Amino acid sequence: MSGFRIDLVSDTSSKPTAEMRQAMANADVGDEQRGEDPSVNALCDRIADLMGKEAALFLPSGTMCNLVAILVHCRHGDEIIAADGSHIIGAEGAGAAAFAGSFIKSLDAPRGIFTGADVEAAVRARRPKSPRSSLLEVEQTNNRGGGAVWPLDAIQEVAAAARKHDLAVHMDGARLLNAVVASGVSAADFSAPFDSAWLDLSKGLGCPFGGVLAGSKDFIGEAEIWKHRLGGAMRQGGVMAAAGIYALDNLVDRLADDHENAKTLANEIAEIPGLKLSRAPVETNLVFFDVSGTGLTAQQIHERLAEQDIRIGVDGPMEMRAVTHIDISAADITDALSALRSVVA
Ligand SMILES: *Cc1c(COP(=O)(O)O)cnc(C)c1O
């Protein structure tokens, strides 16, 4: 137990449901490392299909999906282009540098969304003294951008700009299905401009762990080698893959409820004196707000909410982040709001 009655710290705090656990218990399994786990194979086929790619690879985490993709696309001394605040920049232990010897040039993009012209300006001339620009990364939805959804045409534009200069293009789709549900654009359309793309099972889909990386057969062939090298090849991984299949069958449409709850939360927060939405508008399940008008710090508010068994994340001295997910009901939002009102009153 996380210990909180209402835990809005992340969509990763969601617990597998009873039905998901049942699906895991009943999973057909085999030795995944030998390619013999039917549930893992079925999950990969499902995701490849969903994302419109030739093949897919089940990995223990989204972080490993990004790292494996970077290892396939980049060599030592290469440069990756990504929005400032990207997960690969701030939240993956600098894996790109530590393992791929690549560094990341960040683009100033307030909601994590940049343009083809920004990419053109960031790509370096090919000459011996410059780092080689080799990969463009896009995060859909954009986490630090407040859960912003990249419009399809914006994605196509930046991918085309990158390709023009022979960069590979990769999508961190940790919350891709949130973008799909919010926009009505298919996962395959959002993934089409990319050489590689993945989605996370352990965020809004509520699985215990895992991410699935998709791409061409050649790309996935290379990715499989890195998976093994990094120790990510599992055995009876089907127990986990079954959770993913269950989620794809049953828990995608309900992401709309998370978005609805996030919007209610955001609209009400905007009315509370001293609080201000900081990365609005809220399009999906992430709500960031600034507390500097309350006379309290984010940490103080966090602690006072915790006394009421409610957790909202501290995202900076004066900023907080609340994330809706499968274990948060509309009634929980009402309760969290009344607690928040009383704490900052
Ligand atoms: C959570 C997250 C990841 C990493 O996924 P894990 O499964 O937690 O390793 C990568 N990118 C974004 C945008 C995320 O939110």
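Nothing in this text is a laboratory measurement; each read-out follows from the coordinates by a stated rule. All values derive from a computational prediction rather than experimental measurement. Positions of Cβ are generated from backbone atoms using ideal geometry, with glycine treated the same way; all protein chains shown enter the neighbour counts.
Over the range 164-307, calculate the relative contact order: mean separation of alpha carbon pairs under 8 Å at least 6 apart, over the residue count, as a percent.
Details: 160 pairs, mean separation 25.8, N = 144.
Across the range 164-307, relative contact order equals 18 percent.
Treating only the Cα positions of the chain as identical point scatterers, give the base-10 log of I(q)/I(0) from the Debye formula at each q in 0.10 Å⁻¹.
-0.60
What percent of all Cα-Cα pairs in the range 122-213 falls in each 5 Å bin, counting up from 0?
3, 14, 23, 22, 17, 10, 6, 4, 1, 0
Quick check for me: using +1 on Lys/Arg Cβ and -1 on Asp/Glu Cβ, what's the dipole size of the range 268-345 about its Cα centre, in debye to the nearest 20?
On the way: 6 positive and 12 negative charges, 42 e Å.
That gives the range 268-345 a dipole magnitude of about 200 debye.
Which peptide among 264-273, 165-174 comes first, and what is the full order, when sorted by highest mean count of other Cβ atoms within 10 Å?
On the way: 264-273: 17.1, 165-174: 24.2.
Top of the packing list down: 165-174, 264-273.
Compute the normalised compactness of the range 15-55: alpha-carbon radius of gyration over 2.2 N^0.38 Å, N being the residue count. Walk me through the numbers before you get to the answer.
Working: Rg = 12.1 Å, N = 41, 2.2 N^0.38 = 9.0 Å.
The reported ratio for this selection is 1.34.
Lysines near Lys53 by alpha-carbon distance under 27 Å, same-chain residues fewer than 8 away left out - which ones?
Within the straight-line limit of under 27 Å, Lys53 reaches these lysines: Lys164, Lys203, Lys217, Lys227.
To the nearest 0.05, how large is the calculated FRET efficiency for Ala97 and Asp218 if R₀ is 25 Å and r is the Cβ-Cβ distance?
Working: r = 26 Å, r/R0 = 1.02.
Taking R0 as 25 Å, the efficiency between Ala97 and Asp218 is 0.45.
Suppose every K and R has +1 on its Cβ and every D and E has -1 on its Cβ; what is the size of the dipole of the chain about the Cα centre, in Debye to the nearest 20? Provide the component values of the computation, followed by the final result.
Working: 31 positive and 47 negative charges, 196 e Å.
That gives the chain a dipole magnitude of about 940 debye.
Mind giving me the FRET efficiency for Ala280 and Glu307? R0 is 30 Å, r the Cβ-Cβ distance, nearest 0.05 is fine.
Details: r = 28 Å, r/R0 = 0.94.
Once the sixth-power term is evaluated, E becomes 0.60.
Please give the length that would be gained between Thr115 and Gln22 if that part of the chain were fully extended, namely 0.36 nm times their separation in residues minus their C-alpha to C-alpha distance (nm, one decimal). Mind showing how you got there, number by number?
Details: separation 93, 0.36 × 93 = 33.48 nm, distance 4.49 nm.
Contour length minus Cα-Cα distance gives 29.0 nm.
Label points 7 Å out from Cα along the Cβ direction at Gln33 and Ser329: separation in nm?
That separation, rounded to one decimal, is 4.5 nm.
Using the beta-carbon distance between Phe209 and Gln156 and R0 = 25 Å, what value does 1/(1 + (r/R0)^6) give for FRET efficiency, to the nearest 0.05? Intermediate values should be presented prior to the final figure.
Values: r = 32 Å, r/R0 = 1.27.
Between Phe209 and Gln156 the formula returns 0.20.
Per 5 Å bin from zero, what fraction in whole % of the C-alpha pairs of the range 216-345 is there, up to the bin with the longest pair?
For the range 216-345, the pair-distance distribution reads 2, 10, 16, 17, 13, 8, 9, 10, 8, 5, 2, 0.
About its Cα centre, how strong a charge dipole does the range 128-214 have in debye, to the nearest 20, once Lys and Arg get +1 and Asp and Glu get -1 at the Cβ? Present the calculation step by step, with values, prior to reporting the outcome.
Values: 7 positive and 9 negative charges, 49 e Å.
With Lys and Arg at +1 and Asp and Glu at -1, about 240 debye.
Quick one: which of 133-141, 77-85, 48-56 comes out on top by average Cβ neighbours within 10 Å, and what's the full order, highest first? Please report the intermediate quantities before stating the final value.
Details: 133-141: 26.2, 77-85: 21.8, 48-56: 19.4.
Top of the packing list down: 133-141, 77-85, 48-56.
Test of understanding: what is the full-extension gain from Arg235 to Arg254, defined as 0.36 nm times their sequence separation minus their Cα-Cα distance?
Values: separation 19, 0.36 × 19 = 6.84 nm, distance 3.10 nm.
Contour length minus the Cα-Cα distance gives 3.7 nm.
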